[in-house]
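The structure under discussion appears below in the form of structure tokens.
The values are calculated or read from the model by the stated rules, or taken from the named source; none is laboratory data. Since the structure is predicted, the reported quantities are computational estimates derived from the model, not experimental observations. All Cβ positions, even for glycine, are placed from backbone atoms using ideal geometry, and neighbour counts span all protein chains on display. Note: accessible area is taken over every heavy atom of the protein model, side chains too, but ligands, DNA and RNA are not part of it. Shrake-Rupley method; radii C 1.70, N 1.55, O 1.52, S 1.80 Å.
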Amino acid sequence: MLILADEHARDNVGDIELALDRDGKFLGVRMHMLANLGAYIGSDRQLLTPFGQIVTLTGVYNIPAAHVTIDAVLSNTNPTAPYRGAGRPEACYLIENIIEVAAREMNIDRIDLRQRNLIKPDAMPYRAALGPLYDCGDFPKNMAMALEHSDYAGFEARRAASATAGKLRGIALVNAIEQAAGPVPEYAEVRFQPSGSAMILLGTKNHGQGHETAFKQILFDKLGIDPNEVQFIDGDTDRVAFGMGSNGSRSMVTGGTALVLAANKIIEKGKLIAANLLEVGADDVTFADGRFSVVGTDRSLTLKQVVAASFLPARLPKGLPPGLIESATYSPEQSTYPNGCHVCEVEVDPETGAVELKSYLVVDDVGTVINPLTLAGQIHGGVAQGVGQILMEQVAYQPGSGQLLTASFMDYAMPRADTMCNIAIRSNPVPTATNLLGAKGAGEAGTVGAMPAVMIALLNALAPVGVRTLEMPATSDRVWQAIQAARIAATGGTNATA
């Protein structure tokens, strides 16, 4: 019933053209998208995905001209709405695939073609043709790291080994970028108890990302408070004053920055209290490593001592309200642009069409990395969702009647652990100056690059047998049928195994 009742996603048909000069320099890109919105528009959510893909269509490449048209249509299907990436995976899929076509048509190495056209770090901040302002990033280094850590140079030997075993092997390298953490406000509050323990309240909502760990780390970095003495509360409308939730890779950028602002207020008020207790001016008090210290002396108070004093009015400066409770709301002035480079290798059994992921590498720039482990989890999940879309996931309706055929998980395929391979992650963080943390967001980055990486690797594996295009999902049946069709076309007759 969940599939029947829920919104669906990514029901688009895109046509893209890329103009190049004779030296392989990108001159312009033109794209037309036919986007299914479903049977009705219930909210602006139905419009976010089709138009969300516009700004990053030019990717990480220096493309001076771009033109996009989108026809959004109503149909008999469920409404469509944002799904991990919300337009940015579609944009990345289109630009990376057309680069593959251009490289083949112009007989230019596809890696070299990408490297020739990357936006260079010294061009930052860079205003892309469709409007986004990339404030920072090192796209050439992303590619260089990906080539090195994936042993791209050794691929032909691996392809030959697969051929010996009767398998087809393919590889893809794609560059990904997405628009994240747009200018929508977020709330954070830090509330100390007289004991010195604290409570942090966030308007974002954790549903598996590891927010509690990361936000406690941020508070430890700012205030030096033991994470075990911090209670984390999020998304509780009875206790949290305001919040916009978790979406658009925004939680660390907006919620984390709001938490830093609230912690800064705690420090400033703490300095006033410490100065009063130490009988010095507030300007003579500094805060570091959980202690308020008098400049040039060994006199200091711990944060816990100041917290305890804050609840005793007699120990406070005149007019200062008791308690150490501060809140902040933060709204970014502009979006951030997480980016990276993905390398995927697949192996295909030509007799069955079965596709196996052999290796996957991500070099990611999500800005400041708060927690490498939870970041890896976000990337793993994002890649898995991209793999699922390319290889198996499909909402199907019966032609003519419009009956939903994939109404349950008995009929709708999703990736499982045995679908995936090990995912190696390398970081190339270039912190953004647009927020106090330097964070760019990470929740959707894996999906943005995974879709083109897996499909292009699959097409690269099938190229020797004459397959040039495949529709999603590239199920084993579709892959097998494509191989048979290519064999028939190559011989001009009937394939005995078809």
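Things worth noting here:
- Condition check for VAL369: open to solvent by 40 Å² or more (accessible area, probe 1.4 Å), out of contact with any Cys (no Cβ under 8 Å at 6 or more places or on another chain), closer than 22 Å to GLY137 by Cβ and hydrophobic (A, V, I, L, M, F, W, C): yes
- Residue selected from the range 279-301 under the condition of a type in the set (S, T, N, Q) and open to solvent by 40 Å² or more (accessible area, probe 1.4 Å), by the criterion nearest to the chain's Cα centre (by Cα): THR286
- Residue within the range 305-316 that is open to solvent by 10 Å² or more (accessible area, probe 1.4 Å) and either hydroxyl-bearing (Ser, Thr, Tyr) or under 24 Å from GLN217 (Cβ atoms) (or both) present: yes
- Look at (1) modelled with pLDDT of 95 or more; (2) within 30 Å of PHE139 (Cα to Cα); (3) charged (D, E, K, R) and you find that GLU268 fails only one, number (2).
- Across the range 234-249, not a single residue is classified as in contact with a Lys or Arg (Cβ under 9 Å, 6 or more places away or on another chain) and of a type in the set (Val, Ile, Thr).
- Of all residues in the range 25-37, none are at negative phi, part of a helix (DSSP H, G or I) and in contact (Cβ under 8 Å) with a residue 24 or more places away in the chain.
- The range 379-405 - residue that is farther than 22 Å from ALA86 by Cα and open to solvent by less than 40 Å² (accessible area, probe 1.4 Å) and, of those, nearest to the chain's Cα centre (by Cα): LEU404
- Residue within the range 42-59 that is surrounded by fewer than 17 Cβ atoms within 10 Å (Cβ to Cβ) and either aromatic (Phe, Trp, Tyr) or part of a strand (DSSP E or B) (or both) present: yes
- Any hit, the range 188-210, residues being outside any strand (DSSP E or B), open to solvent by less than 50 Å² (accessible area, probe 1.4 Å) and under 18 Å from GLN305 (Cα atoms): yes
- Tabulated pairs, the range 414-441, first within 17 Å of VAL363 (Cβ to Cβ), second assigned to a loop (DSSP other than H, G, I, E, B) and of a type in the set (D, E, K, R), C-beta under 9 angstrom, 6+ apart or interchain: ASN428/ASP138; PRO429/LYS440; VAL430/ASP138; VAL430/LYS440; PRO431/LYS440; GLY441/GLU178; GLY441/ARG250
- Only listed residue being of a type outside the set (A, V, I, L, M), open to solvent by 40 Å² or more (accessible area, probe 1.4 Å) and in contact with a strand residue (DSSP E or B) (Cβ under 6 Å, 6 or more places away or on another chain), chosen from ARG487, ARG426, ARG478: ARG426
- Every condition in (1) free of Cβ contacts under 8 Å to residues at least 40 places away in the same chain; (2) open to solvent by 10 Å² or more (accessible area, probe 1.4 Å) holds for ALA274 except the one numbered (2).
- Scan of the range 139-158 for residues that are outside any helix (DSSP H, G or I) and open to solvent by less than 40 Å² (accessible area, probe 1.4 Å), ordered by number: SER150
- Annotation: of all residues in the range 71-105 being in a loop (DSSP other than H, G, I, E, B) and either among the charged types (D, E, K, R) or more than 11 Å from ALA9 (Cα to Cα) (or both), the one that is modelled with the lowest pLDDT is ARG84.
- Top-ranked residue of the range 406-419 - restricted to ones that are closer than 23 Å to VAL343 by Cα and touching a helix residue (DSSP H, G or I) at 6+ places or on another chain (Cβ under 6 Å), ranked as surrounded by the most Cβ atoms within 10 Å (Cβ to Cβ): PRO415
- Some residue of the range 348-359 being touching a helix residue (DSSP H, G or I) at 6+ places or on another chain (Cβ under 6 Å) and closer than 28 Å to MET252 by Cβ: no
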